[in-house]
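The values are calculated or read from the model by the stated rules, or taken from the named source; none is laboratory data. Please read these numbers as outputs of a predicted model, since none were measured by experiment. Don't worry about glycine lacking a Cβ; one is built from the backbone with ideal geometry, like all the others, and counts go over all protein chains shown.
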Amino acid sequence: MSNRQPNPEQGPFRADQLRDGDRYELSNGHPIYCAPSGRDHAGPNATGAALLDSDPDVQWTGVDAGYSPDPGTLRAPDVSVASLTGVPGGDGGWIPEAPPLALEYAARGQDEANLRTKIADLLAHGTRLVWVVRLIGPRRVEVHAPGQPMQTLGVGQVLLAPGILRNPVPVAALFDRAAAQDMILRNLLQRRGYADLDAIREAGREEGREEGLADAILTLLSARGLAVDDPTRERLRSTRDPERLRAWLLAAAQADTLAGLFDA
């Protein structure tokens, strides 16, 4: 995100003077123009949002959600995790607090001075963690927390957000869509009471329990956000071949649509 650097003096603007859709943030009352995201920024941004939103302990996430903890501050992290669903809006409809976790993607053209100011604003108003994903250069994530030196984590390491996220986030998953989808699937299964994909397989494996396998497939499809129509549901529940059901279970773990599921 390319921004203009704000002046250090108190500015003349308040958050309630800005409206949803305005391309400005505020720091100490000074407007900061926020340019639209390019392809290199927008894609990973969407992946990161889906990944954080899927965590079993997360109640609400936002993309470019506006937080205004005081009248002269309005900050919109690329992705944020809020403490409660439906936090009441303050002046101008903005969320009247800082998010516990903020995720920023730093791409080509990033204004580093403004990024530092944004991080400082968030941490000063109560944000516990700011993760900066560096899209230029070696794949790495910078971790900012109040009163602590910045940490840099690379691919092969994991990010922790205790009290905010239940599960560790592999650094690679904030860059790579396939790695993120693996984590999203695990998270969604945990929301349904399964530890992981192996657990959902086991749910229908004992003694060739066809009904259990069918239920496992339906749960997996639901966890992946695929709507199951009545004919598909009936076909699954009426099948009595455990090997066929197991093949469909493996296919359901990778399917982006229902089309082709029964070809497995």
Within region 44-60, is there a residue that is in a strand (DSSP E or B), of a type outside the set (D, E), farther than 18 Å from V132 by Cα and at pLDDT below 80?
no
When you look at V143, is it under 14 Å from G48 (Cα atoms) and at pLDDT 95 or above, yes or no?
no
In this structure, is G204 surrounded by 16 or more Cβ atoms within 10 Å (Cβ to Cβ) and modelled with pLDDT under 75?
yes
So R246, is it in a helix (DSSP H, G or I), at pLDDT 85 or above, touching a helix residue (DSSP H, G or I) at 6+ places or on another chain (Cβ under 8 Å) and not aromatic (F, W, Y):
no
Which one is surrounded by the fewest Cβ atoms within 10 Å (Cβ to Cβ), of the residues in region 105-133 that are charged (D, E, K, R) and in contact (Cβ under 8 Å) with a residue 60 or more places away in the chain?
R108
Looking at this structure, is I136 surrounded by fewer than 20 Cβ atoms within 10 Å (Cβ to Cβ), in contact (Cβ under 8 Å) with a residue 24 or more places away in the chain and β-branched (V, I, T)?
yes
